[in-house]
Amino acid sequence: MWYKKLHWQIVIGLILGLIYGLISSVTGLNDFTTEFIKPFGTIFITLLKLIAVPLVLASLVAGVASLNDTTKLSRMGGKTVLIYLCTTIFAVTIGLLAVNLIKPGNSLPEQTRIDLQAQYSGAIESRSESAQEVMNRGKLDILVDLVPENFFAAATENANMLQIVFVAILLGIGIIYMGGEKGAFLVKVFDSFNDVIIVIVDLIMKTAPYGVFALMAGLIVDLAGDDLGKAIALLVALGNYSITLLIALILHVLLVYSSMFKFFSKNMKLSTFFKAIRPAMLLGFSTSSSSATLPVTMERVEKNLGVDEEVSSFVLPVGATINMDGTSCYQAVAAVFIAQALGLDLTLAQQLMIVLTATAASIGAAGVPGAGIVMLVVVLESIQVPAAGIALILGVDRILDMCRTTVNITGDAAVSYVVAATEGKLHEPELED
Ligand code: ASP
């Protein structure tokens with residue numbers, strides 16, 4: 001039966017959650033939903049986050065330690081970062097082309113602009129402050145931050161994923177150099193640890209339809225708290241902007257990921273690729289968080305796409321932190337939209353600046369809900385567009401965050417497939433569904 005398949009159950013959970021959320025706000029059940037339904041969504045995301053660090057550590061140590069020489073690792077690392085950079089630049093370019101051709105900002109009525117700016121002016125401050133902190137940092141701080149001074153401190157924050165990746169690689173390399181019986185023993189330990197975590201991911205995913213239901217219900221109630229009607233009215237007012245972004249995101253997936261996949265896959269159909277990662281995409285959509293979705297992305301990519309763990313355990317955690325094509329595309333569209341709406345003409349040099357800053361800002365954004373809009377402030381400042389302009393798009397950001405996160409996750413999966421194909425690390429997928 002089709003509805004027994006996990007991805008359909010997640011879709012059903014998602015739709016029922018939306019419908020329930022709407023009914024709950026119409027019938028005044030919001031308090032009940034917030035108190036008794038929403039927490040299950042929170043528990044579901046927390047469970048996924050809980051296993052992210054142990055999963056990355058175990059699978060990456062086992063993956064690195066099983067490589068016989070470290071040159072392979074540096075080759076794979078270089079290739080991964082390069083492909084990530086290229087896809088991000090493509091995403092920004094597609095976003096820029098779409099927003100310059102469609103010009104959604106020109107159609108925003110003057111009155112809507114004034115209302116939006118008045119309504120959201122307060123909410124901008126905290127975002128600007130967070131962005132200011134990022135801008136005040138040194139050029140090489142991103143490198144300095146890679147190295148944690150205390151492993152346990154690093155492991156307590158999912159935002160420190162790159163530090164965990166660093167420690168895991170170091171430990172893996174240590175095991176390669178140590179070698180012998182002791183080395184083999186450690187590889188076995190990490191391997192088994194990794195296997196048990198995969199079993200736990202499976203268990204958690206069994207609850208995904210309920211988790212997603214609760215997440216969506218909670219989200220609708222939260223939005224309705226500030227007046228769902230208003231949010232929908234906003235979505236309509238900002239319809240051209242939202243549609244421009246959606247077109248750009250879809251184009252990016254169709255042009256860049258699909259052709260990349262087609263070029264490198266020998267016998268797998270494109271539809272199989274999307275089917276394989278569908279639960280991860282749906283989860284990205286419902287959680288708006290690449291980091292929270294990571295365990296599921298890893299599982300699907302390994303089992304259903306046949307990407308070797310050696311590749312996925314490195315490419316995916318790094319991708320969840322630095323590769324955000326959906327986010328960079330969004331930043332390009334949003335920045336130009338705001339400039340258009342404020343009647344500012346952007347020069348070619350400014351548009352090129354967006355390519356640079358949106359690429360960097362998406363790398364710097366964490367894989368959590370709303371990270372993209374904080375980093376958008378950085379992009380706006382670099383092209384001298386007032387950061388206060390984010391007031392125009394704040395109201396619909398949560399919904400668009402869901403869409404861009406789905407693209408972020410799809411990008412990580414596609415790149416891991418390509419890296420595996422070029423490294424000869426693809427095998428027959430274990431599972432069809
Ligand atoms: N929510 C996105 C992610 O986790 C980041 C963003 O806000 O764009 O991938």
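Quick one: which residue in Val311, Val256 is more than 30 Å from Ile220 (Cβ to Cβ), more than 16 Å from the ligand (Cβ to nearest atom), in contact with a helix residue (DSSP H, G or I) (Cβ under 9 Å, 6 or more places away or on another chain) and modelled with pLDDT of 95 or more?
When all the criteria are applied, what remains is Val256.
List pairs: first residue in the range 323-343 and farther than 19 Å from Val253 by Cβ and at pLDDT below 95, second residue near the ligand (Cβ under 10 Å from one of its atoms) and hydrophobic (A, V, I, L, M, F, W, C) anywhere in the structure, Cβ distance under 9 angstrom, at least six positions apart or on different chains.
Note: pairs meeting the criteria are Ile338/Leu376.
To keep it simple, each residue is scored yes or no on (1) surrounded by fewer than 19 Cβ atoms within 10 Å (Cβ to Cβ); (2) under 20 Å from the mean Cα position of the chain (by Cα); (3) on the phi > 0 side of the Ramachandran plot.
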| site | (1), (2), (3) |
| --- | --- |
| Ile12 | yes, no, no |
| Leu18 | yes, no, no |
| Val26 | yes, no, no |
| Phe40 | yes, no, no |
| Lys49 | yes, yes, no |
| Ala52 | no, yes, no |
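Just to be sure, is Leu392 more than 14 Å from the ligand (Cβ to nearest atom), among the hydrophobic types (A, V, I, L, M, F, W, C) and more than 13 Å from the chain's Cα centre (by Cα)?
In short, yes.
Considering only the range 352-387, state which residues are near the ligand (Cβ under 8 Å from one of its atoms) and closer than 17 Å to Gly411 by Cα.
Ser362, Ala365, Ala366, Gly367, Val368, Gly372
Looking at Arg300, Arg278, which is the one that is over 26 Å from Lys79 (Cβ atoms), away from the ligand (no atom under 15 Å from the Cβ) and either in contact with a Gly (Cβ under 8 Å, 6 or more places away or on another chain) or touching a residue at least 60 places away in the same chain (Cβ under 8 Å) (or both)?
It is Arg278.
Hey, which of the helices (runs of 4 or more DSSP H) in the range 135-194, taking only ones fully inside, have at least 2 residues that are within 20 Å of Ala371 (Cβ to Cβ)?
141-144, 161-178
In this structure, is Leu283 hydrophobic (A, V, I, L, M, F, W, C) and more than 16 Å from the ligand (Cβ to nearest atom)?
no
Can you tell me which residue in the range 61-75 is modelled with the highest pLDDT, limited to those that are surrounded by fewer than 22 Cβ atoms within 10 Å (Cβ to Cβ) and not β-branched (Val, Ile, Thr)?
The residue in question is Arg75.
Tell me which helices (runs of 4 or more DSSP H) are completely within the range 332-433 and hold 3 or more residues being crowded, with 24+ Cβ neighbours inside 10 Å and of a type in the set (A, V, I, L, M, F, W, C), or say none if there are none.
Qualifying helices (runs of 4 or more DSSP H): 348-364, 371-382, 397-422.
Here are the criteria: (1) within 12 Å of the ligand (Cβ to nearest atom); (2) surrounded by fewer than 24 Cβ atoms within 10 Å (Cβ to Cβ). Tell me which single one Ala320 does not satisfy.
Among (1) within 12 Å of the ligand (Cβ to nearest atom); (2) surrounded by fewer than 24 Cβ atoms within 10 Å (Cβ to Cβ), the lone unmet condition for Ala320 is (2).
The values are calculated or read from the model by the stated rules, or taken from the named source; none is laboratory data. On a predicted model such as this, the values are computed, not experimentally measured, just so you know. Neighbour counts run over all protein chains shown; Cβ positions are idealised from the backbone, glycine included.
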